[in-house]
Amino acid sequence: MRLLYIPLLLLAGWLVYPILFPVPVEGFSAAILSLGVHLTNGDLLAFDRLQPFNVEFFSLSKLGAVLGIAGLMESLGVDAETALRLLMWSGEAVLLVSTFVLVRRWSGASPLIAIAAILLVPGMIENSFYYNENVVAAALAALGLVCFGTQSRVLLPLIGGALFGLGALTRPDIVLASAAVPLIVFERSGLTRRSAIALLVASLGGAITWFGALALMGASVLDVLKAAGHAFVLWDRQPAYPRHVRELLFFAGLPAGLLALAGVVALIRQRAFARLALLVLPIVVVNVVFFGSLWQSRQILSVAPFVVALTAIGLIQLLPQPGMSRPGAWARGAAAAAIALILLVPGPTAYDDGPRDLFGRIPGIAHWRNWQNDVAADMATIRRAVDDDKPGLRAIITDDWNPDRYVHFALVDAGFRPQPLAGIAPACAGVAESFVRGPQQVLHLRIHQSFLKDANALNRERFETMARPCLEAVTPAATTLVLAVDRLRFIEGGGDVALLWPAEAKGTFGHLLQRMFTGQAAGLTAVAVDAAMLDRMATAYVALEAQTRQDFIAKGYTLRTVADGIAGTRRIIPFPRGE
């Protein structure tokens, strides 16, 4: 039996190794990094002076990660990306080890089965292949869960609660996983005074780390809720139930999903209802809260230990049992063979926070490395566009969320310091931010309006009334446009929207397949801008606005104006205090 550990650990190494090369996945990744740099430099509000609600929302909803990055930068003298990598690596290690302990405790599985169950749940591992705060928050919560259900009445529950508080500081919705804590405590001690003390102490520990850290930053949990509520109003997203199902599949994978269902059935047959409630309740709570708004599989990392535990119980059902009939043995063997085929035989790849392979996940790890290399090449392109040694004034234009935040991070990471808005030319007010490094000055012209889903309908007006007059007023020595490759083709193609959005598949089934297996997002590029390019941009933005308005009106959406966007992304708390 011990020899089985060798191939299992080799498989684990293969499935996990892309964690060594994490990359940004979208603008929020760069936001976390940038906020860490700004906090270190003592100018947090400079993360976004034009649309300062970005400061409030991303700082308060990911404060633990921002503090972690700043702390590591200060203590170890490393850059922001190295700091976040250290957080990601340590977070994933803690998450895996804590989940292993919990799975063994909750399922009674052997170490071999527990490891196999962890490896079968792709969301446990693959969400650590790119920069995010979810892994760190889930790790803190999982380690917190380990502290409950022990003989300790005060110390470990206090530590567990404190860890949950730190997790909530990093990602507030991690508190949903705490729905399991009373069940863990009651299962161990029953409805007793001991249980009451443990829960009270845990709540105290969580309050100290979460509320206390916020108070030290001049904020409160009410500020966090206010910022989150305002963001949801601005996003104005409609429920997307098919996407919810898709993200669940990406998180659990087909083999683990089926095995987890088998685990539920096994617990029902065993009449182990207390254990069933413990493992299922947090999953139900998270899915109810996110019902129709589960946009990425990383959102449910908090329930990973529970999913893996159910998967382990399902795996146990596949093991040979004493007195098993031949048909039973054949059925178990067929199930094991099916799992192996699903893991080994490639199928279509979907891209959602990186490549997701429902079929052929083991060879699909190569897709992750290719994707990481592509993103790393995009970041190198942006760094080259930003880090120019020529003195004087240069302008960099961005017209979408990801390039907007990537360019900002590249600037502050390269040592450029943001300047007060008061020093910017009046014609550039509201659309540009100035960054200085020695004799060099970069003006970042930001056409994109953040948070609004109909932002594409605003690019034309923001370009014509804000960005272009700014360029005419300051006459930079060089101007560069950083954008996605497909967007560049769209601009150079005279505003042909077919170059930007693929035609929808025909038929209900074809449409579902198209939404399920989305293609890889286009890479980023940087191009020089002259008068002719500005004219092409103007033409393209007119077409983009027309198409966006047509699509949104057809769906019954209310379109926002440029003034709405500016008003919606002003400071609302305000945070940080005193700035």
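Kindly indicate whether any position in the stretch 437-444 is of a type in the set (Gly, Ala, Ser) and within 25 Å of residue 45 (Cα to Cα). Break it down into steps so the answer makes sense when it comes.
So the first thing to find is which residues in the stretch 437-444 are of a type in the set (Gly, Ala, Ser), and the list is 438.
Now drop any that are not within 25 Å of residue 45 (Cα to Cα), which leaves 438.
Yes; the residues of the stretch 437-444 include at least one that is of a type in the set (Gly, Ala, Ser) and within 25 Å of residue 45 (Cα to Cα).
Under 9 Å between Cβ atoms, which residue pairs at least 6 apart in sequence (or on different chains) link something in the stretch 462-480 that is open to solvent by 40 Å² or more (accessible area, probe 1.4 Å) with a partner that is assigned to a loop (DSSP other than H, G, I, E, B) and basic (Lys, Arg)?
477/390; 478/390
Taking the condition of being more than 12 Å from residue 296 (Cα to Cα) and among the hydroxyl-bearing types (Ser, Thr, Tyr), how many residues in the stretch 345-360 meet it? Explain how you work it out, then say what you get.
Let us first name the residues in the stretch 345-360 that are more than 12 Å from residue 296 (Cα to Cα), namely 345-350, 355, 357-360.
Next cut, among the hydroxyl-bearing types (Ser, Thr, Tyr) only: 349.
Residues that pass the stated criteria total 1.
For the stretch 451-461, enumerate the residues that are crowded, with 20+ Cβ neighbours inside 10 Å and in a loop (DSSP other than H, G, I, E, B).
Answer for the stretch 451-461, where residues must be crowded, with 20+ Cβ neighbours inside 10 Å and in a loop (DSSP other than H, G, I, E, B): 451, 452, 454, 458.
Residues in the stretch 365-379: is at least one over 26 Å from residue 350 (Cβ atoms) and among the small types (Gly, Ala, Ser)? Show your work before the answer.
Here is the first cut: in the stretch 365-379, the residues over 26 Å from residue 350 (Cβ atoms) are none.
No.
Applying the selection to the stretch 145-156, what residues are open to solvent by 10 Å² or more (accessible area, probe 1.4 Å) and assigned to a loop (DSSP other than H, G, I, E, B)?
Within the stretch 145-156, 147, 149, 150, 151, 152, 153, 154 meet the criteria.
Using the structure shown, decide if residue 489 is without any contact (Cβ under 8 Å) to a residue 40 or more places away in the chain and charged (D, E, K, R). Write out each step before concluding.
Values: without any contact (Cβ under 8 Å) to a residue 40 or more places away in the chain: yes; charged (D, E, K, R): yes.
Here the answer is yes, as residue 489 does meet what is asked.
The rows are residues; the columns are (1) in the same structural domain as residue 124 (by the TED database); (2) modelled with pLDDT of 95 or more; (3) open to solvent by 10 Å² or more (accessible area, probe 1.4 Å).
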position: 3; (1), (2), (3): yes, no, yes
position: 8; (1), (2), (3): yes, no, yes
position: 26; (1), (2), (3): yes, no, yes
position: 35; (1), (2), (3): yes, yes, no
position: 39; (1), (2), (3): yes, yes, yes
position: 53; (1), (2), (3): yes, yes, no
position: 56; (1), (2), (3): yes, yes, no
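Within the stretch 522-545, is there a residue that is under 30 Å from residue 347 (Cβ atoms) and surrounded by 15 or more Cβ atoms within 10 Å (Cβ to Cβ)?
Applying the first criterion (under 30 Å from residue 347 (Cβ atoms)) to the stretch 522-545 yields 522-524.
Now drop any that are not surrounded by 15 or more Cβ atoms within 10 Å (Cβ to Cβ), which leaves 522, 524.
Looking for residues that are under 30 Å from residue 347 (Cβ atoms) and surrounded by 15 or more Cβ atoms within 10 Å (Cβ to Cβ), one finds at least one in the stretch 522-545, hence yes.
Could you list all residues from the stretch 162-209 that are at negative phi, outside any helix (DSSP H, G or I) and free of Cβ contacts under 8 Å to residues at least 60 places away in the same chain?
So in the stretch 162-209, the residues at negative phi come out as 162-189, 191-209.
Applying the additional criterion that residues be outside any helix (DSSP H, G or I) yields 171, 191-192.
Within the stretch 162-209, 191, 192 qualify.
Here is a yes/no grid of residues against (1) closer than 30 Å to residue 564 by Cα; (2) loosely packed, with under 15 Cβ neighbours inside 10 Å; (3) not assigned by the TED database to the domain that holds residue 295:
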| position | (1), (2), (3) |
| --- | --- |
| 172 | yes, no, no |
| 177 | no, no, no |
| 198 | no, no, no |
| 222 | yes, yes, no |
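Which one of 142, 231 is touching a Pro at 6+ places or on another chain (Cβ under 6 Å), at pLDDT 95 or above, of a type in the set (Gly, Ala, Ser) and open to solvent by less than 20 Å² (accessible area, probe 1.4 Å)?
Values: 231 fails: touching a Pro at 6+ places or on another chain (Cβ under 6 Å).
When all the criteria are applied, what remains is 142.
In the stretch 475-566, which helices (runs of 4 or more DSSP H) lie fully inside it and hold 1 or more residues that are touching a Leu at 6+ places or on another chain (Cβ under 7 Å), closer than 16 Å to residue 455 by Cβ and at pLDDT below 95?
Details: elements: 485-492, 508-516, 531-554.
Filter on the stretch 475-566 gives 485-492, 531-554.
Taking the stretch 234-260 only, how many residues are without any contact (Cβ under 8 Å) to a residue 12 or more places away in the chain and of a type in the set (A, V, I, L, M)?
1
The values are calculated or read from the model by the stated rules, or taken from the named source; none is laboratory data. Remember, predicted model here, so these are calculated numbers, not experimental data. Backbone-built Cβ (ideal geometry, glycine too); neighbour counts: all protein chains shown. We work out accessible area using only protein heavy atoms, side chains counted, and drop any ligands, DNA or RNA first. Shrake-Rupley method; radii C 1.70, N 1.55, O 1.52, S 1.80 Å.
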